[in-house]
1. Can you send over the solvent-accessible area of V360, 1.4 Å probe, protein chains only, in Å² to the nearest 10?
2. How far apart, in nm, are two points set 7 Å out from the Cα along the Cα-to-Cβ line at K67 and at K120?
3. Starting from 0.36 nm per residue, how many nanometres of slack lie between K26 and D477 once their C-alpha separation is accounted for?
4. Rank these residues by their accessible area, most exposed first, probe 1.4 Å: F393, F48.
5. With the cut-off at 1.5 for a/c, could you classify the chain from its C-alpha gyration tensor as rounded, prolate or oblate?
6. Using a Förster distance of 60 angstrom, determine the FRET efficiency expected from the C-beta separation of K243 and S147, and round it to 0.05.
7. Using 1/(1 + (r/R0)^6) with R0 = 45 angstrom and r between the beta carbons of L130 and L399, what's the FRET efficiency to the nearest 0.05?
8. Among L130, L121, what's the order by accessible area (1.4 angstrom probe), most exposed first?
Amino acid sequence: MGLKEQLIISKLRVIVRMKNNKKRKKVIVMGAGLAGLACAYELSQKKFDVVIIEKWEEVGGLARTIKKGKFSFDSGPHRWYTKSNMVNKWMLDLLGDEVIRVPRLTRIYFDKKFFYYPIKLKNAIGGIGLWRAVRSVLDYLIARVKSRLLKPKLVTMEDGYVNQFGHTLYETFFKRYSEKLWGVPCDRISVDWIGQRTRGLNLSTILKEMIIKSKKVVSLVDEFSYPERGIGRIAEKMADTVKKYGGEILLNSEVVEIERRENQITSVTVKVSGKEKKIEGDYFISSIPINDLVFRLSPETDRSIYALSKKLKYRDELQVALFVSKTHITPDTWIYVHSKEIPFMRLMEMDNWSDKLSPVGTTTLVFEIACNEGDAMWNKNDKDVIDLVKKSFVEEFSLIPYKTITGGYVHRVPKEYPVYHIGYRQDVDKIKKYLSGFFNLQLIGRNGTFRYNNMDHSIEMGLYAAWNLISGKKKHDIESVNIEREYLEEKKFESPEDEFVEEKH
Ligand SMILES: Cc1cc2nc3c(=O)[nH]c(=O)nc-3n(C[C@H](O)[C@H](O)[C@H](O)COP(=O)(O)OP(=O)(O)OC[C@H]3O[C@@H](n4cnc5c(N)ncnc54)[C@H](O)[C@@H]3O)c2cc1C
């Protein structure tokens, strides 16, 4: 081929590229948690220009692995579990041989005793005593009969627990922990919160299974998938791919304003190091808290939507890591701590998840303290929080001496749990109905949809939003994710061991 022909071909290539570029649509993704990243991951590989805007300094949102010196630890216990084969395969394709299987052991620390979780009858009866065990069964039976005959209207979390388990079990295993987690009495939280968590797991199943020894026992999974270098690998891997395909990820960048015109969103204003810049886009995907989205709309929305958005609240958390010169201090992957006197509600030991997370002969313990942003606990300085947790753990559990704790770190997490106040669903539905009026906006993610998502749900929502744009049709219903009617962790189980409590993430 002569020089002339080569020049013509290269000119033609430039023209085609320019044409393609014109066709490329720009998608602004708000939030680099798993939902936003999953969406950007798909779009960036399919000729969309993607910009992710994330206010934190790292990607991953609620599912991060934090690195401090030689220690890596997760932002709370994150095990991978999904009922969706599609999402499971997607995750395995993403992480490949980084995924390991981790045996699960979870216990509840309660009245200075350890109970297996899911509960095992013999262990539970031994722990709570025969009299309380008999009362539990009787109460449970009464509750079931009442529920069948009277079909009571269940409004609050307390109604739900008592209806499902009876008073004694509610008071023994659910009330204290729930109130520690939420910071308010159980009658102030909607029954919806426990809906999916306990469905199908009840004493009658357990007793039936013990008697007839059928193979169809419902159970919580006793082994789970986990990236051996920490849960944050899911986000890191997606972010690498987004960047590889030309997508942009703006960190330390907060969406402070979202411009709307008629039935569309036109741009977002982002604050980076005190300076604001406007970014225009064709499509907008939001995984930031749904009410923050409303507050940032410009011009402002009408008062009723604004007022409903103000009603939505979240529970926040301090995550306290203690670095310890010892390994396998507990046998557990994580432990729930019910007593009010102990400040933390859950603790996890990282070397029981993977030995790649801390140097040989050491481990990290991560403690979670539920609180509200701005309250006395949240405002404590890091040293005081670390000292509080250290003292409480060393003295209450007597598992390690002070001198083995070589350091600590506090990770403050705002908006960890959407609070399902009574009547929240109607409020959220009205907000969503209003936002659905913007044809180029899709809501995804845990706080983005105000739904108590696990990782798989957030990823699935992100994928659906991307596939809707790729296909040009809204054929994937994001709102259909995480409304399974059956309990999230049902599975067929061979051994008739017994369990009936719910999981809280
Ligand atoms: C302690 C704990 C334990 C858990 N355990 C499990 C588990 O075992 N298994 C499981 O499957 N799931 C678990 N989960 C749930 C899981 O972490 C979440 O479902 C998932 O990480 C949510 O991802 P997301 O993208 O929807 O939301 P997020 O992770 O909240 O992402 C939203 C992102 O938006 C950013 N953002 C917010 N506002 C703005 C703004 N104005 N501008 C720019 N960015 C903004 C945030 O910084 C954040 O990064 C757990 C959650 C917690 C808190």
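The values are calculated or read from the model by the stated rules, or taken from the named source; none is laboratory data. On a predicted model such as this, the values are computed, not experimentally measured, just so you know. Glycine also receives a Cβ, built like all others from the backbone with ideal geometry; neighbour counts cover every protein chain displayed. Each accessible area value is taken on the protein alone, full model and side chains, heavy atoms only, with ligands, DNA and RNA left out. Shrake-Rupley method; radii C 1.70, N 1.55, O 1.52, S 1.80 Å.
1. Rounded to the nearest 10, the figure is 150 Å².
2. 3.9 nm
3. On the way: separation 451, 0.36 × 451 = 162.36 nm, distance 2.18 nm.
Gain on stretching K26 to D477: 160.2 nm.
4. On the way: F393 0, F48 25 Å².
Output order, biggest surface exposure first: F48, F393.
5. Details: a/c = 1.82, a/b = 1.56, b/c = 1.17.
In terms of gyration-tensor shape, prolate.
6. Working: r = 53 Å, r/R0 = 0.88.
Computed FRET efficiency for K243 and S147: 0.70.
7. Values: r = 29 Å, r/R0 = 0.64.
Computed FRET efficiency for L130 and L399: 0.95.
8. Values: L130 120, L121 35 Å².
Greatest to least solvent exposure: L130, L121.
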